[in-house]
Amino acid sequence: MQPSGRRSLPHSPPSEPSTDRQGRSELGTGASGVRSEPERPSAPYDPFRFQSFSPLTRVAMVTGATGVLGQATVRAFLAEGFRVVVHDNSVDDLNTFVMQLGASATAAHVYPICFDVSRPDAVAAAMHRVRNDFGDVFFLVNNNAVVSATHALETSSDDWQYAFAQNVHSAFYVSREVLPAMRAKRFGRIINTCSLAGKTGGITTGIAYSTTKGALQTLTFSLARETARDGITVNGISYAYVQTASLERFPKEVVDQLLNSIPVGRFMQPEEFAFAVLFLCSPLAGFVTGEILDLNGGLLTD
């Protein structure tokens, strides 16, 4: 599944004040006789200052993009004028999400691609296509993950290996592919989707998921230290308990118990995760690296 091509945006030359037959400008004068300046349109509000980045660097990639966090993040990037590589392991889920994006999913702004991020050969081939077709990625959100809730004695060796391949190896393989361009430009942002389970050992999740998320935190620390002098920041977002439709399938007493354990008294909205991603990507977050940002409503403070 590939976009059909690029489309250049229309460009209008700057307008100039008109003059009368004697060469005088129509700017006019105020009551005091002092010539007044024309009203200029105010610049669009740019809270994250992304407009200060070159358009060539405003290329983002979100892996595992069809989950609730991935979808919110893709939409947030598009709203800020980014071009976005949208990845998922499922082609059906990917097609459905791109259709839901509607008019914003133009070939110039969205590059959907499906491949197995746990296989280094598949990652290398896919990222080669991305570079050739869409450009270098300077904002990477490693969001791909599988969730498991099994305890140690119930976790098979295959389950253990699969969790590490999808949750940890994938982040390393994709990060490794984007680092050369980031280093050449001396700029880049990598954000790993971590979890409260990586800090607590898991409250409602299993041993494989919790352990892989802990490993992803360590990967974040190591990459951050290694790339800081190259102008690249690497951070993680440790989230807990998102407001999703799947919560409706849980017994009410379970949901109430979870809500009672969260000091702010509610679950996280996906858009709050996306906002944290945008902050860590912004120019003013360039001094933040090797950090795991907690989004848990006060459930864990450290």
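The values are calculated or read from the model by the stated rules, or taken from the named source; none is laboratory data. Everything numeric in this text was worked out from a predicted model, so none of it was measured. Cβ coordinates were reconstructed from backbone atoms using ideal geometry, including for glycine residues, and neighbour counts include every protein chain displayed.
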Review point. Filter segment 101-134 for residues that are acidic (Asp, Glu) and closer than 16 Å to Val174 by Cα; which is surrounded by the fewest Cβ atoms within 10 Å (Cβ to Cβ)?
Key: Asp121
Check your understanding: Can you name the number of the only condition in (1) in contact with a helix residue (DSSP H, G or I) (Cβ under 7 Å, 6 or more places away or on another chain); (2) basic (Lys, Arg); (3) free of Cβ contacts under 8 Å to residues at least 60 places away in the same chain that Arg49 fails?
Key -> (3)
Check your understanding: In this structure, is Val86 among the β-branched types (Val, Ile, Thr) and exposed (fewer than 14 other Cβ atoms within 10 Å of the Cβ)?
Key -> no
Point to revise | Cross-chain or 6+ apart pairs with Cβ under 8 Å, segment 70-83 first and more than 13 Å from His109 (Cβ to Cβ) and small (Gly, Ala, Ser), then part of a helix (DSSP H, G or I) and modelled with pLDDT under 95 | key: none
Practice item. Check whether at least one residue in segment 212-223 is within 27 Å of Leu259 (Cβ to Cβ) and out of contact with any helix residue (DSSP H, G or I) (no Cβ under 8 Å at 6 or more places or on another chain), and report yes or no. Key: no
**Study point:** So Cys281, is it in contact (Cβ under 8 Å) with a residue 40 or more places away in the chain and closer than 26 Å to His151 by Cβ
**Key:** no
Check your understanding: Looking at (1) touching a residue at least 40 places away in the same chain (Cβ under 8 Å); (2) not in a loop (DSSP other than H, G, I, E, B), which is the only condition Gly297 fails?
Key -> (2)
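Listed here are the residues, each with its yes/no results for (1) touching a Gly at 6+ places or on another chain (Cβ under 7 Å); (2) closer than 23 Å to Val137 by Cβ; (3) among the charged types (D, E, K, R); (4) at pLDDT below 95.
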| residue | (1), (2), (3), (4) |
| --- | --- |
| Asn167 | no, yes, no, no |
| Ala171 | no, yes, no, no |
| Glu177 | no, yes, yes, no |
| Phe187 | yes, yes, no, no |
| Ile190 | no, yes, no, no |
| Thr200 | no, no, no, yes |
| Arg225 | yes, yes, yes, no |
| Asp230 | no, yes, yes, no |
Review point. List, please: which pairs have Cβ atoms under 9 Å, are six or more places apart or on different chains, and start with a residue in segment 223-243 that is closer than 28 Å to Gln269 by Cα and free of Cβ contacts under 8 Å to residues at least 12 places away in the same chain and end with one that is assigned to a strand (DSSP E or B) and hydroxyl-bearing (Ser, Thr, Tyr)?
Key: none
